[in-house]
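Some notes on the structure that comes next.
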Amino acid sequence: MTKEGLSSGDPNSYSNPDEVAVSHLDVSLTIDFERKILIGEVNLTTEKKKDDAHLLVLDTRELKIKDISDKDTGTKLDYTIDKDDPVFGSKLTVKLPSRLGKNVIVKIEYETSPSASALQWLSPQQTAGGKHPYLFSQCQAIHCRSVIPCQDSPAVKVTYSAQIRAPEDLVVLMSAVRDGEPSLVGKGLKLHKFRQNVPIPSYLFAIAVGALASHRLSPRCQVWSEKEFVDQAAYEFAETEKMLSIAEDICGEYVWGVYDLLVLPPSFPFGGMENPCLTFVTPTVLAGDRSLADVVAHEISHSWTGNLVTNKNFEHFWLNEGFTMFVERKILARLIHPDQRKFSAFCGLKDLRDAINTRGQNDPMTCLVPDLRSVSPDDSFSVVPYEKGHTFLYYLEELAGGPEKFDPFLRAYLEKFKYKSIGTDDFKEFLYEYFAQNADLKKVDWDTWLKKPGMPPVIPDYKTSLEETCTDLCKKWVKWSETESCPFSATDLKNLSSLQVKEFLAQLLEEKPLSLEKLKTMEKIYKLNSVKNSEIRFRWLRLCIRGKWKEQIQHALDFVTEQGRMKFVRPIYRELYAWDEAREAAISSYKAHASSMMYVSAYTVGKDLHLN
Ligand code: BES
Ligand code: ZN
């Protein structure tokens, strides 16, 4: 089978922005919780890029298209919808009128499907408050097409305006700035208006509707969640403004106006999502000690790397995520301690080894710039673009002469490419233009870094005293034989931060599985079963599964059904599946919960469990 991309510029989008590009979206939608659909219209402002272009090509997925017309004249427009692909959806081709000298606005009346892959609909029982339904979206990478017919490629950037009608007792939030107060419009509905005046790629379109409350953190930052979690969230994210100011210091002016956070229900599939003006975060970062707020530093960084300078398609995803890890760690260094940068990178490198071992050294998806023709970005997703990308930038920074030389380059890169969508070659070209005098940078083996699978060709030295303590404790546990007297006590962990406890467990996971006896001793001394911190719990449960501790299977299943963060859920399910005695329980737990999981989680875990 020869591989084919959907279009010349983006293997995962049917759209044709080189011919006709959309520059603005105006959406008017009603949220129908009964039918679990959005109904309304979108008006797309088009720009012809070639004189003879007359077809607008859009991505759609499970949308019911009712009518398409020329907004200004009301004339109906001819269109065709191609057959549906289960991953990429269907191509919608609209024939544009040949009016001269004017950008045609195409009006599409439509509704979404109850199974729209970007949307999760929660019943009141599935929320913390228990009284009101809840809706949230997750469009990255290519799910916006299940909400709006659009050019669902990050090569295209649009401004947007939105008019949303929702039940009057609910709050509507979007990846945009509110445009006036909500107003009652009858039938128990309120109208909420929004505007996003900075051009964004479609994957940053976002909406959340629910019984939400907020707490102000600073003049431009607020945290939102169901009221049950607001105080906890306000404590956890109290340093948001500080992080944002540090990020501005590193990257330049914050152009998005407000920076709000929304803590989602537990089924949210990611740690965080950088929706502009409104970062989405998983409640699993509410650790109670601010130790997992690095997710916020990460999403803040995307305000530049990703949201201003955007990958032109998801083959170049490392430009979003690798750069974001790079900026995130610079923020942590200034916020916490200079060593935090290396310590976090040290931990990340271990996640990279783990991911590459799981996928296989030669898996093409472990390339920094993978070939995504016929590949769903949901399937290619891993820490590779994050950590291989970070490693590459760290390596380039060292070659360039350290942060003193590279920080100004980073600023210049962001300045040069802001509001644009770029590929890896654009970055490379600018790097050589900027560092034209630097001989060391000529040594870079681009082909291996970008195109070869497996671990990076050069691995920097990330050692610090922060990680040493974890390594010592790990070694001590590995070396200890149960016939000797027990040298451990609860104070071992008291001297470690929660990030270090997590790292200690992560290091044990790289060793041969611990014996059941050792694990039981560890539990007796450290009481890890009662730790709430999700990152610690995740690694502890994996150790227990590997040590074949049967009584822990139920704890592991509780963990993967209480929350839906794929980073935790997928490895636990995979490891339960690999163990004969846990496999059946894992499969039946998945089957019982799949319908309340978000589409991406159900899809990927289903694959992990060899069910589809
Ligand atoms: N943009 C990503 C999440 C994402 C990536 C969603 C691809 C859909 C497709 C977000 O910025 C992210 O990287 N989140 C991480 C945070 C972590 C690296 C601090 C996560 O979810 O774990
Ligand atoms: Zn990210």
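The values are calculated or read from the model by the stated rules, or taken from the named source; none is laboratory data. Just so it is clear, the structure is predicted and the values come from calculations on it, not from any experiment. In this analysis, Cβ positions are derived from the backbone assuming ideal geometry, glycine residues included, and neighbour counts consider all displayed protein chains. Side chains are part of the model used for accessible areas, which takes the heavy atoms of the whole protein and leaves out ligands, DNA and RNA. Shrake-Rupley method; radii C 1.70, N 1.55, O 1.52, S 1.80 Å.
Key figures for this structure:
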{"quantity": "Net charge, residue 470 excluded, C-beta distance under 12 Å - Lys, Arg +1, Asp, Glu -1", "calculated": "0"}
{"quantity": "Where labels lie 7 Å past Cα in the beta-carbon direction, separation of residue 524 and residue 551 in nm", "calculated": "1.1 nm"}
{"quantity": "FRET efficiency, 1/(1 + (r/R0)^6) with R0 35 Å, evaluated for residue 220 and residue 480 via beta carbons", "calculated": "0.10"}
{"quantity": "C-alpha long axis of helix 339-359 to longest principal axis of the chain, angle in °", "calculated": "80 degrees"}
{"quantity": "Dipole in debye (nearest 20) - the range 1-209, about Cα centre, beta carbon charges: Lys, Arg +1; Asp, Glu -1", "calculated": "320 debye"}
{"quantity": "Helix axis angle, 580-593 relative to the chain longest principal axis, alpha carbon, degrees", "calculated": "30 degrees"}
{"quantity": "Proximal charge balance of residue 261 [Cβ under 13 Å; K/R count +1, D/E count -1]", "calculated": "-4"}
{"quantity": "The chain: angle of helix 599-608 to the longest principal axis, Cα-based, in degrees nearest 10", "calculated": "50 degrees"}
{"quantity": "Between the range 231-258 and the range 1-49, the Cα center-to-center distance that results, in Å", "calculated": "31 Å"}
{"quantity": "Residue-normalised accessible area of the range 1-209, expressed per residue, 1.4 Å probe, Å²", "calculated": "41 Å²"}
{"quantity": "Principal axis dimensions, largest first and in whole angstrom, of the range 309-451 by Cα", "calculated": "39, 32, 30"}
{"quantity": "Cα centroid of the range 118-176 to Cα centroid of the range 433-462, whole Å", "calculated": "40 Å"}
{"quantity": "Net +/- balance of residues flanking residue 530 in space, Cβ distance below 11 Å, scoring K and R +1, D and E -1", "calculated": "+2"}
{"quantity": "Share of carbon and sulfur in the accessible heavy-atom surface of the range 466-608 [1.4 Å probe, %]", "calculated": "53 percent"}
{"quantity": "Zone residues, the range 93-119, relative to residue 73, backbone N less than 18 Å from point 7 Å out along Cα-to-Cβ", "calculated": "94-108"}
{"quantity": "Note, ³J(HN,Hα) from phi for the range 298-306, Karplus 6.51, -1.76, 1.60, rounded to Hz, x at Gly and Pro", "calculated": "5, 5, 4, 4, 4, 4, 10, 7, x"}
{"quantity": "222 nm mean residue ellipticity, helices alone, for the chain (DSSP H n ≥ 4; -39,500 (n - 2.57); rounded to 500)", "calculated": "-11000 deg cm²/dmol"}
{"quantity": "Dipole moment magnitude, nearest 20 debye, the range 456-578 about Cα centre, only Lys, Arg, Asp, Glu C-beta charged", "calculated": "340 debye"}
{"quantity": "Full-stretch length increase - residue 442, residue 585 - with 0.36 nm per residue and alpha-carbon distance subtracted", "calculated": "46.1 nm"}
{"quantity": "Two-site FRET efficiency, residue 451 against residue 23, from Cβ-Cβ distance with R₀ of 41 Å, rounded to 0.05", "calculated": "0.75"}
{"quantity": "Relative contact order (%) - the range 466-608, alpha-carbon pairs under 8 angstrom, separation at least six", "calculated": "18 percent"}
{"quantity": "Volume per residue of the C-alpha convex hull in the range 466-608, rounded to whole Å³", "calculated": "108 Å³"}
{"quantity": "Area accessible to solvent at residue 374, 1.4 Å probe radius, in Å²", "calculated": "60 Å²"}
{"quantity": "For the chain: relative contact order, % (alpha-carbon pairs under 8 angstrom, 6 or more apart)", "calculated": "11 percent"}
{"quantity": "Inter-label distance for residue 517 and residue 115, nm, one decimal - labels placed 7 Å from Cα along Cα-to-Cβ", "calculated": "5.2 nm"}
{"quantity": "For the chain, cysteines whose Cβ has no other cysteine Cβ within reach (under 4.7 Å)", "calculated": "150, 221, 251, 277, 347, 367, 470, 474, 486, 544"}
{"quantity": "Distance between modelled label sites at residue 373 and residue 596, nm, 7 Å Cα→Cβ extension", "calculated": "4.4 nm"}
{"quantity": "Sorted largest first, extent of the chain alpha carbons per principal axis (Å)", "calculated": "86, 64, 55"}
